[in-house]
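Written below as structure tokens is the structure these notes are about.
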Amino acid sequence: MLTALLVTVIGVSGIMLNHKRGLGLMPEVEGPGGGLVGALSLEALGDVARAALADPDTPIDRMDVRPDDGLIKVRFDDPDVTEVTVALHDGAILHVGPRRDVFMEKLHSGEILGDGWILLSDAAAVGLIVLLATGFWLWLMPRFRG
């Protein structure tokens, strides 16, 4: 029963992650483009992003550089999982807001409940692979049925 529940959570959350933009879980931000030539340093971009927060001491969790779009998404390690999108060349703030898809990513991986749940999620995935392999075997070799 636990495996069935885990497989259902993994399946549903995976489908939601595949459509996170359509579901409004991830903000759409248009960047100015321009590549990396002449871009500000990562340190300067991080400082600009921190200045956009109410608490500038919030630690940065990750920085996602999108050179073709001319922007960087700076995600913070706070309860709201705030993300600040900054233009690479002039440091303009393009968007500030929570990332609603992070909860779904952590739920999908099992990370939300700790490291032990990640292993349990892996076990559910292995179980699905075994079911797939044995189902294929039964389909391929009808003489072994029943």
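The values are calculated or read from the model by the stated rules, or taken from the named source; none is laboratory data. On a predicted model such as this, the values are computed, not experimentally measured, just so you know. Cβ sites come from the backbone with ideal geometry, for glycine too, and all protein chains shown count toward neighbours. Accessible surface areas use protein heavy atoms only, side chains included; no ligands, DNA or RNA. Shrake-Rupley method; radii C 1.70, N 1.55, O 1.52, S 1.80 Å.
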accessible surface per residue for the chain, probe 1.4 Å, DNA/RNA/ligands not counted, whole Å² -> 64
For segment 86-96, just list the computed ³J(HN,Hα) in residue order, Karplus coefficients 6.51, -1.76 and 1.60, θ = phi - 60°, integers in Hz, with x standing in for Gly and Pro.
-> 10, 5, 5, 8, 10, x, 5, 7, 9, 6, 9
For the chain, which whole percent of the accessible surface, found with a 1.4 angstrom probe, sits on carbon and sulfur atoms?
-> 63
Before rounding to the nearest 500, sum -39500 (n - 2.57) across all DSSP H runs of length at least 4 in the chain and divide by the residue total; then give [θ] at 222 nm in deg cm²/dmol.
-> -14000 deg cm²/dmol
Counting only C-alpha contacts under 8 Å and six or more residues apart, can you give the relative contact order of segment 75-125 as a whole percent?
-> 21
Rh_Kirkwood(the chain) over Cα pairs, Å, one decimal, evaluates to 18.0
For H89, residues with placed amide H under 5 Å, excluding near neighbours = L40
In this structure, the FRET efficiency calculated for W137 and N18 from their beta-carbon separation, with R0 = 35 Å, to the nearest 0.05, is 0.75
Determine ³J(HN,Hα), in whole Hz, for all residues of segment 19-26 in sequence, where each value follows from phi through the Karplus function 6.51 cos²θ - 1.76 cosθ + 1.60 and θ = phi - 60°; x replaces Gly and Pro.
-> 10, 5, 5, x, 8, x, 7, 10
Per-residue HN-Hα couplings for segment 104-110, Karplus 6.51 cos²θ - 1.76 cosθ + 1.60 at θ = phi - 60°, whole Hz, x for Gly and Pro?
-> 5, 4, 5, 5, 4, 7, x
Quote the FRET efficiency, to the nearest 0.05, computed for V130 versus D61 with a Förster distance R0 of 30 Å and r equal to the Cβ-Cβ distance.
-> 0.30
Compute, for M104, the solvent-accessible surface of its heavy atoms (probe 1.4 Å) with the complete set of protein chains present, and express it in square angstrom to the nearest 10.
-> 20
